[in-house]
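The values are calculated or read from the model by the stated rules, or taken from the named source; none is laboratory data. Please read these numbers as outputs of a predicted model, since none were measured by experiment. Reconstructed Cβ throughout: ideal geometry from the backbone, glycine too, with neighbour counts over all protein chains shown. When the accessible area is computed, the model is the full protein with side chains, heavy atoms only, and any ligands, DNA or RNA have been set aside. Shrake-Rupley method; radii C 1.70, N 1.55, O 1.52, S 1.80 Å.
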Amino acid sequence: MLRQVADGVLVHESAFVQSNAVVVQGRAGVLLIDPGVTGSEIDCLADDLRELGQPVVAGFSTHPDWDHLLWHARLGVAPRYGTARCAAAIGEELSDPGAKARIAEHLLETEVAGQVPLDLLGLITGLPAETRQIPWDGPPVRIIEHKAHAPGHAALLIEDHGVLVAGDMLSDVLVPMLDLAAAEPIEDYLAALRLLEGVLDDVEVVVPGHGSVGRADQVSARIELDRAYVLALRDGQGAGDPRIGSSARPGWEWVSDVHFGQAQHLGL
């Protein structure tokens, strides 16, 4: 079910890892950012949009992870965008005929096995590198591109409504997940946090890719929590993060595996 988080901005939360799809209302329809995960959830989202009388006129994927690249025929044939680097990354992955089969095999280990529509996965158009706004007939949506977590990752600032769509950052349930294939994953993440910090004065609501929507007074706290985690990784110290271990929310124990996997990869 869609929930309004700001004027003209609604969120649909998936049961899978609290994934958030974001709907921005425009003049002739909506911009849909990172649609839901399972077919039934996307059906529910399509039903909600039909009741609103708002067709999807544009889509955007914040980064090239499978759960942010999904689509369904019921959402229509609107143009779907991402950054140029994001589109290049997923295009390279999908050039392998076995890519979708591997994703489906990976999903067999999850509670959404067999429920994820992969037919239209990753069919996005990369926007030119100099593009600073999503091209659509609606409120200005600023693209803040960085290299944290994944190639061509973008946060989006819905300027008129003060909403920051953070992609896979600033979560209250997931620790920062670094792009361990990058040359400088820690520095990339810290640089991205500085970029997000630079727009704080314009933000009243943050919507992470996974987790709870946060209000203005929580945004800087989430940035500081993510920074402290990354610095602890860099310095080889214990993270002491409330999203890890016994202090984490029930059902999120696997976050500890992410943390220790990153630390081992970095040689810590």
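Here are the numbers for the structure shown:
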| quantity | calculated |
| --- | --- |
| Cα-projected label distance for Glu224 with Ala181, points at 7 Å along beta-carbon direction, nm | 3.5 |
| Share, in percent, of DSSP beta bridges within the chain that are antiparallel, nearest 5 | 65 |
| Ordering of 91-104, 42-55, 70-83, 23-36 by packing [mean C-beta count within 10 Å, highest first] | 23-36, 70-83, 42-55, 91-104 |
| Segment 1-123 - accessible surface per residue (Å², probe 1.4 Å) | 44 |
| Helix 216-235 vs. the chain, principal-axis angle (Cα, 0 to 90°, nearest 10) | 40 |
| Förster-model FRET efficiency, 51 Å R0, Lys100 and Glu204, C-beta, rounded to 0.05 | 0.85 |
| Inter-centroid distance (Cα atoms) of segment 85-150 relative to segment 1-56, Å | 17 |
| Residue of Val112, Val37, Val206 that the Gaussian network model of the chain assigns the largest fluctuation, springs spanning Cα pairs under 10 Å | Val112 |
| Pairwise FRET efficiency - Arg194 versus Thr110, Cβ, R0 = 25 Å, nearest 0.05 | 0.15 |
| Using θ = phi - 60° and Karplus 6.51 cos²θ - 1.76 cosθ + 1.60, couplings along segment 194-201 (whole Hz; Gly, Pro as x) | 5, 4, 5, 4, x, 10, 4, 5 |
| Percent carbon-and-sulfur accessible area, segment 111-163, ignoring ligands, DNA and RNA, probe 1.4 Å | 52 |
